[in-house]
1. Using only helices, what value at 222 nm comes out for the chain when you add -39,500 (n - 2.57) per DSSP H run of length 4 or more and divide by the total residues, to the nearest 500 deg cm²/dmol?
2. Order by neighbour count: ILE224, ILE255, ILE127, fewest other Cβ atoms within 10 Å first, most last.
3. Round to the nearest 10 and give me the degree value, 0 to 90, for the angle of helix 39-49's Cα axis relative to the longest principal axis of the chain.
4. Residue-wise, which Karplus ³J(HN,Hα) couplings in Hz belong to the stretch 61-68, taking 6.51 cos²θ - 1.76 cosθ + 1.60, θ = phi - 60°, and x for glycine or proline?
5. Points 7 angstrom from Cα along the Cβ direction at LYS264 and ALA246: gap in nanometres?
6. Can you find, among THR290, PRO150, ALA203, the residue farthest towards the positive end of the dipole of the chain? Put +1 on the C-beta of Lys and Arg, -1 on that of Asp and Glu.
7. Given the pairs LYS71/LYS210; LYS31/LYS210; LYS180/LYS220; LYS107/LYS264; LYS30/LYS195, which span a C-alpha to C-alpha distance of over 32 angstrom in this model?
8. Work out the FRET efficiency for ALA238 and ALA198 from their Cβ-Cβ distance, taking R0 = 30 Å, and round it to the nearest 0.05.
Amino acid sequence: MTINMNRNWMYRIAAAALLAPMIAAVPSAKKLNVVATTPDLASIARAIGGDAVDVKSLAKPTEDAHFVDAKPSHIVTLNRADVLIEGGAELELGWLPPLLESARNDKLASGAPGRILASQGVRLLEIPTSFDRARGDVHALGNPHFLIDPVNVRIIAGQIAAHLSQVQPESAPLFAANLKAFTATLDAKMAEWQKTLAPYRGAKIVTYHKDFTYLAERFKLDVIETLEPKPGIAPSPAHLAQVITAMKTQNSHVILVQPFQNRKTAETVARQTGATIVDIAQQPGAFPNTDSYFQLMDHVVGALAAALAGGK
C-alpha cells in the first residue's frame, strides 16, 4: 500500500470516527451479534452458532483481507457486536484497530470473552527470524492465511464454540452439539479431500502470493515460486522470467490466482509455460455455490485436482 493510499484511508477512518458518538444504543437481542473479519470465519461461526447467532462479515468474499475497504458502517457494526472473530497474525493489522478504537465496544476488548483470535492455538508457518521491510509485506507472527488448512479450522471451530458459550452460557449445549456435527463433517470431508489430492503429492505449483502455503503443506504439494517476487511487491519482468524458467525446469503446470490478484500476469506466464490457471479463492462466496466452508473446500480441491490431472 502506498503512502498516499495510507493517508486517504486514515482520512476516511477519521471522518467515520465522528459518527461513533451518534451511534444509538440498541436493546439486547436474543441472538448474539457476531462479527467476523472475513467470510471464512463468518461461515464457521454460523455453523457453530446456529439459530443463536446473527453473523456478519466485514470483508467481502472477493476482497483482499489485508486491505479491506473500511467504512463508517463497519464502526456501527462493531459497536453493536457481542462477539468479534478476527484472524490475527497481522492479517487485519492495517484496518481493524482504527475501526475498533472508533467503535468503543468494551465487549470486544482484547482478552474479553467476546474477542476471538483465530490464530491462537494454530501452528503458524513462515515465522521470520528477523524483521526487514525490504523483504516485502512480511508478517512478524507468521503467515496469516491458515484457514485454507482444514486441520486449523477444526481448532478454530473449537475456539469459537468455547467463546460463544462464555458469552451466552444458556446456549452452550447448542454450541457443543453444533461443534460436534461440524467436526464430524469436517473429518469426513477431510478424508475425501486427501483421497482426491493423494495422486498429486509432490506436484509442483505456482501461486501469486504466499497465500496457499498451508494448503500445500497439508496436501503435500510443492510451491516452487510465487508471481510476486516478495509478498505485496508487484512482479517485475525479470522475476517473471525467473518463474517461467523454474516452471519449465521443474515441470510445473499449475498457477493459482485469487479474484483480487492480477490474472493478466498469470496469463503471461501461462502462455509461455503451457500452464493451467486455476481461479481459486480462500473465501466462501467468492464463486457460485461456495457459501459454506465445506463447499469452498470442495471447489478448491476439485479445481486443483482437475488442473493437476491435466498437467500430469
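Read-outs throughout are calculated quantities, based only on the coordinates presented, and are distinct from any laboratory measurement. Predicted, not measured: the structure shown is a model, and the values here were computed from it. A quick note on method: Cβ atoms are made from the backbone with ideal geometry, for glycine too, and the neighbour counts reach across all protein chains shown.
1. Working: 10 runs with 136 residues, N = 312.
Result for the chain, helices only: -14000 deg cm²/dmol.
2. Numbers: ILE224 17, ILE255 27, ILE127 13.
Ordered from fewest to most neighbouring Cβ atoms within 10 Å, ILE224, ILE255, ILE127 come out as ILE127, ILE224, ILE255.
3. Approximately 50 degrees, to the nearest ten.
4. Karplus-based 3J(HN,Hα) across the stretch 61-68 equals x, 9, 9, 5, 5, 6, 10, 5 Hz.
5. The modelled label-to-label distance comes out at 2.4 nm.
6. ALA203
7. LYS31/LYS210; LYS107/LYS264; LYS30/LYS195
8. Working: r = 37 Å, r/R0 = 1.23.
It comes out at approximately 0.25.
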